[in-house]
Amino acid sequence: MLLDQPGEPLRVGEIPDPEPRAGQIALRVRACGVCRTDLHIVDGELTRPKLPLVLGHQIVGEVVSGGARFEEGVRVGVPWLGWTDGACRYCVSGRENLCDRAKFTGYDVDGGYAELAVADERFCFPIPEGYPDVEAAPLLCAGLIGYRSLRLAGEAETLGLYGFGASAHIICQVAVAQGRRVFAGTRANDDATQDFARSLGAVWAGDASAPPPEELDAVIVFAPVGALVPAALRAVRKGGAVVCAGIHMSDIPTFPYELLWGERVLRSVANLTREDGEEFLALAPTVPVRTEVETFELERANEALARLRSGALRGSAVLVL
Ligand SMILES: [Zn+2]
Ligand SMILES: [Zn+2]
């Protein structure tokens, strides 16, 4: 499925089979998760995609050739972080997620909305046993970046998750297993999503723009909605943190300094490091995290994106090959 231009639907196309270069592996794609970042690329909110582009950065594939690290036939996962220079000030200080020259899967290089893919083997992960392909795919971005956001939210005992989609439904399970109390913020009157959040252990679920029933230690904002930032700051106690997990957000409205006062912290989370991935993929089976997925054939990628856009999905959308 090819993106020719932002603003246009993806189209079915034939391109030459990708050839792995040194250090790369070739994969037969078995499943690929659909991420909100894909929507931001389609909508032109991320402005520098390779074109034409194969989207998709939550790839579960089977190694068909190349590489020293993985044997043929092994299942591997390909995440958003596809390559770093290993040399810039961020890479050499353990923050490769911020690499100046990073290349991202399904943005700078072709991704997994396709039958075949290639990837730098150093940035791939073994898929944990016990996860079918479609249930593993959402772990690779919704899970990994959600996990980094959770880590950067600190030692929160009361944790808000605003925007209860693919990431939040995974991180809710991790947070509950860690003994935190989760407060799920959704669109107003979205009873189905609020019920879903409670079924995964949230102690409260309600309208994210309204105050929660008690002060929170931290809020992770997954929804790409800037207006939720002041709402989240209003919800956290002194010294609390608001973490914005998405790559793009609508403008944040002005708000009184009083909302930030009291040593409240507002920060974003960008991308992932390989260490985040290794940690999270080791943790997920111990929780155990169960992902809820809605599957689509590859040719129905536009429909999957439309359902993500409208908020109609429960959990994650995954393309199946
Ligand atoms: Zn993603
Ligand atoms: Zn770098």
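The values are calculated or read from the model by the stated rules, or taken from the named source; none is laboratory data. Quantities reported herein were computed from a predicted structural model and do not represent experimental measurements. In this analysis, Cβ positions are derived from the backbone assuming ideal geometry, glycine residues included, and neighbour counts consider all displayed protein chains. These area figures cover heavy atoms from the full protein model, side chains too; ligands, DNA and RNA do not enter into them. Shrake-Rupley method; radii C 1.70, N 1.55, O 1.52, S 1.80 Å.
Could you sort 47, 158 by accessible area so the largest value comes first, with the probe set to 1.4 Å?
47, 158
Return the tail of the calculated pair distribution for segment 158-229, meaning the percent of Cα-Cα pairs more than 15 Å apart.
Of all Cα-Cα pairs in segment 158-229, 42 percent lie more than 15 Å apart.
Leaving ligands, DNA and RNA out of it, report the carbon-plus-sulfur percent of the accessible area of segment 15-93 at a 1.4 Å probe.
Of all accessible area on segment 15-93, carbon and sulfur atoms account for 47 percent.
Say a site is exposed when it is one of the GluC sites (Glu not before Pro), sits in a DSSP loop, and has at most 10 other Cβ atoms within 10 Å; what is then the longest site-free stretch of the chain? Walk me through the numbers before you get to the answer.
Values: sites that count: 14, 71, 129, 155, 263.
With a cap of 10 other Cβ atoms within 10 Å, the longest stretch comes to 156-262.
For the chain, take the convex hull of the Cα atoms, compute a quarter of its surface area, and give me that in nm², please.
Dividing the Cα hull surface by four gives the mean projection, 15.6 nm².
Sort 249, 1 by accessible area with a 1.4 Å probe, largest first.
Sorted descending by solvent-accessible area, the residues read 249, 1.
Sequence-distant or interchain residues sharing an amide H contact under 5 Å with residue 74, placed H: which?
63
Explain nothing, just the number: relative contact order of segment 1-81, from Cα pairs under 8 Å at least 6 residues apart, as a whole percent.
33
Using θ = phi - 60° and the Karplus form 6.51 cos²θ - 1.76 cosθ + 1.60, what ³J(HN,Hα) does each residue of segment 104-109 get, whole Hz, x for Gly and Pro?
10, 5, x, 8, 8, 10
Given an 8 Å cut-off on Cα distances and at least 6 residues of separation, report the relative contact order of the chain as a percent.
Answer for the chain is 19 percent.
May I ask you to rank 257, 90, 147, 113 by accessible area, largest first, using a 1.4 Å probe over the protein chains only?
Most to least solvent-accessible, the answer reads 257, 90, 147, 113.
Any chance you could look up the accessible area of residue 209 with a 1.4 Å probe, heavy atoms only, rounded to 10 Å²?
Residue 209 exposes around 80 Å² with every protein chain in place.
Kindly identify segment 16-112 as rounded, prolate or oblate by the Cα gyration tensor criterion: order the square roots of the eigenvalues as a ≥ b ≥ c, call it rounded if a/c is under 1.5, otherwise compare a/b with b/c, prolate if a/b is larger, else oblate.
Note, shape of segment 16-112 comes out oblate.
Which angle between 0 and 90 degrees, to the nearest 10, do you get for helix 274-283 versus the longest principal axis of the chain when only C-alpha atoms count?
The answer is roughly 70 degrees.
Between the helical axis of 142-152 and the dominant principal axis of the chain, each derived from Cα atoms, what acute angle in degrees is found, rounded to the nearest 10?
Computed tilt is about 40 degrees.
Compute the semi-axes of the equivalent ellipsoid of segment 205-315, taking the square root of 5 times each eigenvalue of the Cα gyration tensor, and list them largest first in whole Å.
Output for segment 205-315: semi-axes of 29, 20, 14 Å.
For a quick check of understanding: with a 1.4 angstrom probe and all protein chains in place, what accessible area in square angstrom does residue 100 have, to the nearest ten?
Here the residue's solvent-accessible area equals roughly 110 Å².
Largest first, please: the extent of the C-alpha atoms of segment 47-103 along each principal axis, to the nearest Å.
Here the Cα extents, ordered largest to smallest, are 37, 29, 16 Å.
Tell me what the chain gives for mean residue ellipticity at 222 nm when only DSSP H runs of n ≥ 4 count, each as -39,500 (n - 2.57), the sum divided by the residue total, rounded to 500 deg cm²/dmol.
-6000 deg cm²/dmol
Can you give the accessible area per residue of the chain, in Å², using a 1.4 Å probe?
44
Given a 1.4 Å probe and every protein chain left where it sits, what share in percent of the accessible area of segment 256-321 is carbon and sulfur?
Using a 1.4 Å probe with all protein chains present, segment 256-321 comes out at 51 percent carbon and sulfur.
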